[in-house]
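In what follows, a single structure is set out as structure tokens and then discussed.
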Amino acid sequence: MKIKKYIPLGVAIAGSWLLATATLIGPSGCQSYPWPSGQPSLTEASTDQVILRAEQTAQTARLTFDTLVTLERQNDAFLRQVNPAIHAYANKLRAHGLDWVDSLRAATRTFKANRTAENQANLTTWLATLTNAITETNKYIAEAKKVSQP
């Protein structure tokens, strides 16, 4: 079955995504930023890190989404039969995934041009949105792998 061909790519993407976002999101979720005053730091070094994470997340999201929708399209009948949720989520990505990536990229451009706390908060919201979508996508990639094994 063609599913096995895409699993290493999905695992590699998931691993690199987790490593790239671990310093931004932290182990306890997206609400726990290490800002002492509760406000984000707007130093050039810290904002450059946020921008880097946003660019990496956008690229990872695009690759991860593409992996799942390609996998689902190539194995549509089988995956619909064993887990219709994979098909439904792949359709959700087809409808909204690129818009989410574009929104993150637009928020990144806005923040690069004007590094305010408000723009950083908007960027952080889109980072969290894409981070959650990547996690969900990786769950369905793993599920597709699990159901394809004998």
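All of the numbers you see were taken from the coordinates with simple rules; none came from a lab. Keep in mind that this is a model prediction, so the values were computed, not measured. Note that we place each Cβ from the backbone using ideal geometry, even for glycine, and neighbour counts take in every protein chain shown.
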Restricted to Cα positions, what overall size does region 32-145 have along the principal axes? Three whole-Å values, descending.
51, 25, 17
How big, in percent, is the set of alpha carbon pairs in region 87-133 lying more than 16 Å apart?
42
Once the Cβ-Cβ distance between Lys146 and Gln74 is put in as r, and R0 is 22 Å, what FRET efficiency do you end up with, to the nearest 0.05?
0.85
Roughly how large, in nm² to one decimal, is the mean projection of the convex hull of the alpha-carbon atoms in region 59-125?
4.8
Ranked highest first by the average count of other Cβ atoms within 10 Å around their residues, in what order do 64-73, 114-123 fall?
64-73, 114-123
Percentage relative contact order, region 63-138, counting C-alpha pairs under 8 Å, at least six apart
35
